[in-house]
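These notes concern the structure reproduced below.
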Amino acid sequence: MQTVKMVITGPFSSGKTEFIRSISEIEVVTTERDITTEAERVKDQTTVAMDFGRITVDDDLVLYLFGTPGQRRFDFMWEILSEACWASW
Ligand SMILES: Nc1nc2c(ncn2[C@@H]2O[C@H](COP(=O)(O)OP(=O)(O)O)[C@@H](O)[C@H]2O)c(=O)[nH]1
Ligand SMILES: [Mg+2]
C-alpha cells in the first residue's frame, strides 16, 4: 500500500477547505477561525494553519490531503506543509 501526501493550495476563498471536506473519508481536521479583516468578509471563517483529510483511492493507494491557508500572511505554512514528511504527522 502506498500513502501519498497531497498539498492543496491556492488563493484565499478558492475552495481548498471545501474540496477536502467534499472528498475526505474521515472527518476533516480544520483550523477555521473567524474572519477579522474587513476585505475578507466574503465568508465567516478562514483556515489559519491547515486542513487535513484522507481518501482511499484503491487497495494500493491512500491520499493524505493537506490544505494550506490562502493569505500571504500565513505563507510560512505553505513551506511547512509542503516540506514536512507525512510519516511524522
Ligand atoms: N458554489 C460553490 N461554492 C464553493 C465551492 N467550493 C467552495 N465554495 C464556497 O466558497 C467559499 C470559500 O471556500 P473555502 O473552502 O473556505 O475556501 P478556501 O479559503 O480556499 O479554503 C465558501 O463559502 C464555500 O462554501 C464550490 O465548488 N461551489
Ligand atoms: Mg480554507
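Geometric descriptor of the chain, per residue, is 90 Å³ (volume of the convex hull of the Cα atoms). Springs between alpha-carbon atoms under 10 Å, Gaussian network over the chain: tell me which of T31, T68, T47 tops the mean-square fluctuations. Comparing T31, T68, T47 in the GNM, the peak value goes to T31.
Given +1 at the Cβ of Lys and Arg, -1 at the Cβ of Asp and Glu and no other charges, the dipole of the range 2-88 around its Cα centre is 280 debye to the nearest 20.
The protection proxy used here, the mean number of other Cβ atoms lying within 10 Å of each residue, ranks peptides 37-46, 57-66, 8-17 as follows, highest first: 8-17, 57-66, 37-46. In the chain, taking the dipole from charged Cβ atoms about the Cα centre, the farthest positive-side position among S24, F76, M50 is held by F76. Between the amide H of K5 and those of Y64, distances stay under 5 Å, these residues lying 5 or more places away or on another chain, with hydrogens modeled in the peptide plane.
Computed from the coordinates by the stated procedures, all read-outs in this text should not be read as laboratory data. Only a predicted model underlies this, so the values are computations on that prediction, with no experimental measurement involved. Cβ sites come from the backbone with ideal geometry, for glycine too, and all protein chains shown count toward neighbours.
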